[in-house]
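Participant: I'd like to ask some things about the structure below.
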Amino acid sequence: MAKITLAGVRHSYGSTRDDRADWALQHLDETWEDGGAYALLGPSGCGKTTLLNIVSGLLRPTEGRVLFDDRDVTDQPPDQRHIAQVFQFPVIYDTMTVHDNLAFPLRNRGVDETRVKARVREIADMLELTDMLGRRARGLTADGKQKISLGRGLVREDVNIVMFDEPLTVIDPHLKWQLRSKLKELHQRVGLTMVYVTHDQTEALTFAEQVMVMNEGQVVQIGTPVDLFECPQHTFVGHFIGSPGMNVLPCTLEGGKAVVEGHAIPIANPVTSAAGRLEIGVRPEFIDLADRGAETGVPVEILKVSDAGRYRVVHTCLNGFVIKALVSEGVEIPADGARLALAPEKTRLYADGWLVPDGGTP
Amino acid sequence: MPLDLKGVSKQVGGETHIYPTDLTLEPGVFNILLGTTGAGKTTLMQLMAGLERPTAGEVWFGGVNVTGMPVQKRNVSMVHQQFINYPNMSVFENIASPLRVARMPKAEIKARVERMADLLKLTPLLGRRPSELSGGQQQRCAMARALVKDASLVLLDEPLANLDFKLREELRDELPRLFADRDCVVVYATTEPVEALLLGGNTATVFQGRVAQFGPTGEVYRRPGTLTSAQVFSEPPINTAPVTKDGATIRLGEHTDWTAPPPIQALPDGAYVFGIRPHHVTLAPDGTHPVAIDGMVLVTELSGSESVVHFRLGADDGAAPWVSQSHGIHAVPVGQVARLHMDVAQGLYFEPDGARIAA
């Protein structure tokens, strides 16, 4: 196990490096603590796989250093880094038994056979694979195979870090629930440093203690799931996390309040002035719906109501801008128009996408 | 024109893939096939399209028996999970290809492609090759090609499964709008209950080669006909436990009981099955009829806005753990007993054979 440090890491795949767009990874200074659970979350092409390959040694960063504890491993090849990786599709040997699949990474390293047996048993136990140890892997279901892949990733005790690259993408939803909670439980039990790469916010938020949200080659925010949900530092984070994402509406600033389409809206960040493209951000969870006769609130039309079971998503419209609000199961929704009340402590001002700091910008 | 499956079944070798199925799918509304991988959704679609011939039963379309009529003669469009485009054609040519095959006049082809591109936000990309597009754009291109001709049957087989989470959300919003003014039967297969709910329309829950239930999506979700249908339509999985009815009282385990709703009270005493969805089992009392229940906490998952607790009701007897889903962040220590609250007014009651009892 190790603490992983990325110091001034940048990466470019091409030969020209003049433009921002030439950098697949813009600039990264980050430390992953020993034994922590981290997630890299972002859309396809955001740079998360590039970063993973830099940590595993498949890629050498164009600039910067990679440290495991205090050792510089920037020039070390992957096989010397002691890393375990689990991929989107199961990587197992069909003709081997489940036991031999799990034992493979240990035997490969010349681990003593009695230790191999004990460790395989332990991992099989945690993953509820004990009954299948004698079976060939060929006949197993997709999730059974992926469980073995997870087991192979976790079986070695001498790894510096375990990296999961979209490990549950191909798994059906109801099995995803089981495997996800299994993984979380395993982290709590084995105490290895784990990094989980995904585009799925639910997986990232439930697995990790710290989530790094990436977009266009840069880390936009690092924080706990609660930080990311409650206080997005960038409108991208607000949009990407949460389903549906945060509502973002263009506004102006007058007397410390945001003005959206002529309606003054109180905001949480105390701001007297701000420069750049101004927007307010507020999550659908923090908007209350009142009927159109209410005395306060922003008057809107109702476009559509989608039933998600335990809540409904109400799509409303203010002069062409769509604002979504979440309403719990069983609460009545006015039929024609409505007024929206935006929770002032959860509504924030953003300039050029970034959260405006208290006091504002000159 | 509706699509009718009349007693359609499919056997391959000695194995039954689809048991005799009756289903009427109407135009103008999304028809969703919801079920896990391997449940039979794709086979059902292939039978509807004429890509597979039923072993028994008939397929009718608009009052005409089309059983055995090949897919080429049926005016069907299909979109698969793995999107397929012609790599050496531009996006425009890809979308136009079915219209060229149908020998449509050039001006009309142009108008139709442009309209479809506009709806699917592909207009700036019409000159590009598929390889220059992102995954989401490629799938939108494949979808545009499937929708550009006036097919009378459109089959969408997990079309969003390979896309990024956020793109999926966006397209899910757009999709029903694409069909709003078209007179065709739309069938959409998914493994995700929330996706089925958000798309609305009608849903068939499919399990092990059988349609468990078919009806308006919200209805099937809230009033499942059987335990199987409820299980197919719950994410996270619905919690279930054997209960005993004794007069007006329902007992779950040794320490939990509550008063049964009147229709249940009227049933004979004995063993039943109780089911309750995770969001009706919460850390703080919620709803109209909260009943406390204690559980041994196995795992807690805290997302940004909610807490999910996996717990065991009694001794580890091999039964699936229960799941509770609450608003807000509540750190519950693992390995200890926690008190949870079921809103039993939201619970479902089943006969031991799985049939739901209306309560």
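The values are calculated or read from the model by the stated rules, or taken from the named source; none is laboratory data. Please read these numbers as outputs of a predicted model, since none were measured by experiment. Using ideal geometry, Cβ is built from the backbone for each residue, glycine included, and neighbour counts are taken over all protein chains shown.
Participant: Looking at B:GLY63, B:GLY50, B:GLY28, B:GLY40, which one is in the same structural domain as B:VAL113 (by TED's automatic domain parsing) and either over 18 Å from B:LEU156 (Cα atoms) or of a type in the set (A, V, I, L, M) (or both)?
Facilitator: None of the other options fit; the residue is B:GLY63.
Participant: Any residue in the stretch A:1-25 that is without any contact (Cβ under 8 Å) to a residue 12 or more places away in the chain and over 24 Å from A:ASP158 (Cα atoms) sitting within a Cβ distance under 8 Å of a residue that is of a type outside the set (A, V, I, L, M) and loosely packed, with under 12 Cβ neighbours inside 10 Å? List the pairs, counting only those 6 or more apart or interchain.
Facilitator: A:ASP22/A:GLY14; A:ASP22/A:THR16
Participant: Out of A:LEU106, A:LEU154, A:LEU102, A:LEU129, I need the residue that is crowded, with 21+ Cβ neighbours inside 10 Å, in contact (Cβ under 8 Å) with a residue 24 or more places away in the chain, in contact with a strand residue (DSSP E or B) (Cβ under 8 Å, 6 or more places away or on another chain) and assigned by TED's automatic domain parsing to the domain that holds A:HIS199. Which one?
Facilitator: One residue alone meets the criteria, A:LEU154.
Participant: Oh, and also: In the stretch B:153-174, which residues are assigned to a loop (DSSP other than H, G, I, E, B) and more than 24 Å from A:VAL237 (Cα to Cα)?
Facilitator: B:GLU158, B:PRO159 - these are the residues of the stretch B:153-174 that are assigned to a loop (DSSP other than H, G, I, E, B) and more than 24 Å from A:VAL237 (Cα to Cα).
Participant: Could you list, in sequence order, all residues of the stretch B:300-341 that are facing chain A (nearest Cβ under 9 Å) and either in contact with a Gly (Cβ under 7 Å, 6 or more places away or on another chain) or not β-branched (Val, Ile, Thr) (or both)?
Facilitator: Within the stretch B:300-341, B:GLU301, B:LEU302, B:SER303, B:GLY304, B:SER305, B:HIS310, B:ALA320, B:PRO321, B:GLN325, B:HIS327 meet the criteria.
Participant: Select from the stretch A:178-211 the residues that are among the aromatic types (Phe, Trp, Tyr) and either away from chain B (no Cβ under 11 Å) or in contact with a Pro (Cβ under 9 Å, 6 or more places away or on another chain) (or both) and list them in ascending order.
Facilitator: Selection gives A:TYR196 alone.
Participant: Follow-up. Give the residues of the stretch A:267-298 that are touching a strand residue (DSSP E or B) at 6+ places or on another chain (Cβ under 6 Å) and either on the phi > 0 side of the Ramachandran plot or exposed (fewer than 14 other Cβ atoms within 10 Å of the Cβ) (or both), sorted by residue number.
Facilitator: A:THR272, A:SER273, A:GLY276, A:GLY297
Participant: Another question, then. For the stretch B:175-225, which residues satisfy the criterion of being within 13 Å of chain A (Cβ to nearest Cβ), part of a strand (DSSP E or B) and surrounded by fewer than 17 Cβ atoms within 10 Å (Cβ to Cβ)?
Facilitator: Passing the criteria: only B:PRO216.
Participant: Among the residues in the stretch B:145-152, are any free of Cβ contacts under 8 Å to residues at least 24 places away in the same chain and in a helix (DSSP H, G or I)?
Facilitator: No, the stretch B:145-152 has no match at all.
Participant: To continue, here is another question. Kindly indicate whether B:GLN208 is in the same structural domain as B:MET143 (by TED's automatic domain parsing) and either of a type in the set (Gly, Ala, Ser) or touching a residue at least 40 places away in the same chain (Cβ under 8 Å) (or both).
Facilitator: yes
Participant: Of all the strands (runs of 3 or more DSSP E) wholly in the stretch B:242-309, which have at least 1 residues that are outside the structural domain of B:TYR221 (by TED's automatic domain parsing), closer than 18 Å to B:GLY354 by Cα and among the aromatic types (Phe, Trp, Tyr)?
Facilitator: Per the criteria, B:270-276.
Participant: Turning to a different aspect of this structure: Cβ-Cβ below 6 Å, separation at least six or inter-chain, first residue in the stretch A:200-220 and among the acidic types (Asp, Glu), second in a helix (DSSP H, G or I) and modelled with pLDDT under 90: which pairs?
Facilitator: A:ASP200/B:PHE165
Participant: Give me the residue from the stretch A:1-20 that is hydrophobic (A, V, I, L, M, F, W, C) and modelled with pLDDT of 80 or more and, out of that set, surrounded by the fewest Cβ atoms within 10 Å (Cβ to Cβ).
Facilitator: Selected residue: A:ALA7.
Residue-wise test of (1) surrounded by 19 or more Cβ atoms within 10 Å (Cβ to Cβ); (2) farther than 19 Å from A:PHE229 by Cβ; (3) among the aliphatic types (A, V, I, L, M).
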site	(1), (2), (3)
B:ILE293	yes, yes, yes
B:VAL299	yes, yes, yes
B:LEU302	yes, no, yes
B:HIS310	yes, yes, no
B:LEU313	yes, yes, yes
B:ALA320	no, yes, yes
B:VAL334	no, yes, yes
B:VAL337	no, yes, yes
B:MET342	yes, yes, yes
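Participant: If you go through the stretch A:188-208, how many residues are part of a helix (DSSP H, G or I), under 8 Å from the mean Cα position of the chain (by Cα) and surrounded by 23 or more Cβ atoms within 10 Å (Cβ to Cβ)?
Facilitator: So the answer is 4.
Participant: Which one is surrounded by the fewest Cβ atoms within 10 Å (Cβ to Cβ), of the residues in the stretch A:33-50 that are part of a loop (DSSP other than H, G, I, E, B) and either under 12 Å from the mean Cα position of the chain (by Cα) or within 11 Å of another protein chain (Cβ to nearest Cβ) (or both)?
Facilitator: Across the stretch A:33-50, the extreme among qualifying residues is A:SER44.
Participant: Continuing with the same structure: Can you name the residue in the stretch B:18-50 that is small (Gly, Ala, Ser) and in contact (Cβ under 8 Å) with a residue 12 or more places away in the chain and is also surrounded by the most Cβ atoms within 10 Å (Cβ to Cβ) among such residues?
Facilitator: B:GLY35
Participant: Hey, another quick one. Answer with yes or no whether A:VAL66 is under 30 Å from A:ALA7 (Cα atoms), assigned by TED's automatic domain parsing to the domain that holds A:VAL195 and crowded, with 19+ Cβ neighbours inside 10 Å.
Facilitator: yes
Participant: Next question, about the same structure. Output the residues belonging to the stretch A:212-239 that are facing another protein chain (nearest Cβ under 9 Å) and either farther than 20 Å from A:VAL282 by Cα or of a type in the set (S, T, N, Q) (or both).
Facilitator: Matches in the stretch A:212-239: A:THR224 only.
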